[in-house]
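What follows is a set of notes on a single structure, which appears directly below.
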Amino acid sequence: MNATGSSARTAAGQTSVRVQTADFDAGREIAALRAANPAIGAVASFIGVCRDLNDGAAVEEMVLEHYPGMTEKSLARIAAEARERWDLIDILIIHRVGRILPTEQIVLVVVTSAHRGESFAACEYLMDYLKTRAPFWKKEHTPDGSRWVDARASDDAAADRWK
């Protein structure tokens, strides 16, 4: 593992997990995956963005915290579980930490496969996991003060369907 996460090349493709403070260029990340393997027939991606309103309160900024090392291992583990469920080529997870302002990107999940069904399902599975089980702690700063953000019941219900 290096300072930006972990990468492992397999016969099926690559799994890459990065936890970073810097923003990312989703187009460049997706293009790099596509260029790496002509067997790719489908790419599914998700970009999570910081909103300016949550639970009726204005959000001025969000601060995401994590436990270095543990977080990357946890994300790599769920990526491995996705590989066991679906026939995938590549998985890329980039999750930002630190100070994030409204309209800024938070997370990128990209899944490639030969066919769209596997990519769609795995991308959704990975995001459901990230929202409910990944070791990130979110604190929103509002005009009325700061508050920690818990997973929503709807996020838990979405994750439960994969059991």
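What follows is calculated from the coordinates using simple rules that are stated; it is not laboratory data. The structure presented is a predicted model; accordingly, all values stated were derived computationally and were not measured. Positions of Cβ are backbone-derived with ideal geometry, glycine not excepted, and every protein chain shown enters the neighbour counts.
In segment 64-118, the ratio of gyration radius to Kirkwood radius, Rg to Rh, stands at 1.05 when only Cα atoms are counted.
How big is D for the chain, in µm² s⁻¹ as a whole number, if Stokes-Einstein is applied with the Kirkwood radius of its Cα pairs at 37 °C and 0.692 mPa s?
Diffusion coefficient, whole number: 201 µm²/s.
Counted by neighbouring Cβ atoms within 10 Å, the residues Met62, Met70 run from fewest to most as Met70, Met62. I want to verify a result. In a Gaussian network model of the chain, Cα cutoff 10 Å, which of these has the top mean-square fluctuation: Thr132, Thr103, Thr112? Of Thr132, Thr103, Thr112, the Gaussian network model singles out Thr103 as fluctuating most.
The long axis of helix 70-85 is offset from the longest Cα principal axis of the chain by roughly 40 degrees.
Other residues with beta-carbon under 10 Å from the beta-carbon of Ile93 carry, at +1 per Lys or Arg and -1 per Asp or Glu, a net charge of 0. Considering helices alone, the calculated mean residue ellipticity of the chain at 222 nm is -10000 deg cm²/dmol, with DSSP H runs of length four and up weighted by -39500 (n - 2.57) and normalised per residue. Of the residues Val43, Val107, Val63, the one that moves most in a GNM of the chain with alpha-carbon contacts below 10 Å is Val63.
What is the percent of Cα-Cα separations in segment 110-163 that go past 12 Å?
Pairs farther apart than 12 Å: 70 percent.
Neighbours of Val63, meaning other residues whose beta-carbon lies under 13 angstrom from its beta-carbon, give a summed charge of 0 when Lys and Arg score +1 and Asp and Glu score -1. A simple count of charges around Ser113, restricted to other residues whose Cβ falls under 9 Å of its Cβ and scoring Lys, Arg +1 and Asp, Glu -1, yields -2.
Judged by the mean number of other Cβ atoms found within 10 Å, the most tightly packed of the peptides 133-141, 26-34 leads the ranking 133-141, 26-34.
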